[in-house]
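Chemist: Let me give you the structure first, and then I'll get to my questions.
The values are calculated or read from the model by the stated rules, or taken from the named source; none is laboratory data. Quick caveat, the model's predicted, so the values are computed rather than measured. A quick note on method: Cβ atoms are made from the backbone with ideal geometry, for glycine too, and the neighbour counts reach across all protein chains shown. Just the protein is used for accessible areas: all its heavy atoms, side chains included, with ligands, DNA and RNA removed. Shrake-Rupley method; radii C 1.70, N 1.55, O 1.52, S 1.80 Å.
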Amino acid sequence: MILARVVGNVVATRKDARLEGKKLLVLQHLTPVGAPRDQYVVALDTVGAGDGERVLCVAGSSARMASGMKDTPVDTAIVGIVDEISMLPGES
């Protein structure tokens with residue numbers, strides 16, 4: 001799983017029919033303590049995530065296992081909205 005923050009959205013008027021009605025969001029990867037990484041990805045939203053929210057996403061074949069993604073041409077899917085992250089003392 002990948003920890004990320006929603007930083008934008010993608011509008012594509014022409015796309016594969018299996019992506020019709022699906023929301024595409026731009027995500028910035030985060031470290032476990034929430035610091036931004038210099039990595040971005042477009043992900044299909046399966047949970048109703050919004051701007052600025054921290055999310056969990058999955059990539060590769062795991063993305064096609066998310067709810068409603070079977071036979072959908074997707075490489076990254078948002079599968080959770082993060083409420084809290086708790087790190088063990090001394091870990092960062």
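Chemist: Counting only residues that are more than 21 Å from VAL33 (Cβ to Cβ) and basic (Lys, Arg), which one in region 51-92 is surrounded by the most Cβ atoms within 10 Å (Cβ to Cβ)?
Modeler: ARG64
Chemist: Among the residues of region 7-20, is there at least one that is touching a helix residue (DSSP H, G or I) at 6+ places or on another chain (Cβ under 9 Å), free of Cβ contacts under 8 Å to residues at least 24 places away in the same chain and among the small types (Gly, Ala, Ser)?
Modeler: Yes: region 7-20 contains one or more residues that are touching a helix residue (DSSP H, G or I) at 6+ places or on another chain (Cβ under 9 Å), free of Cβ contacts under 8 Å to residues at least 24 places away in the same chain and among the small types (Gly, Ala, Ser).
Chemist: Further question: Among residues belonging to region 33-46 that are open to solvent by less than 60 Å² (accessible area, probe 1.4 Å) and either more than 19 Å from ASP16 (Cβ to Cβ) or not polar (S, T, N, Q) (or both), point out the one that is nearest to the chain's Cα centre (by Cα).
Modeler: Once the filter is applied, the top-ranked residue is ALA43.
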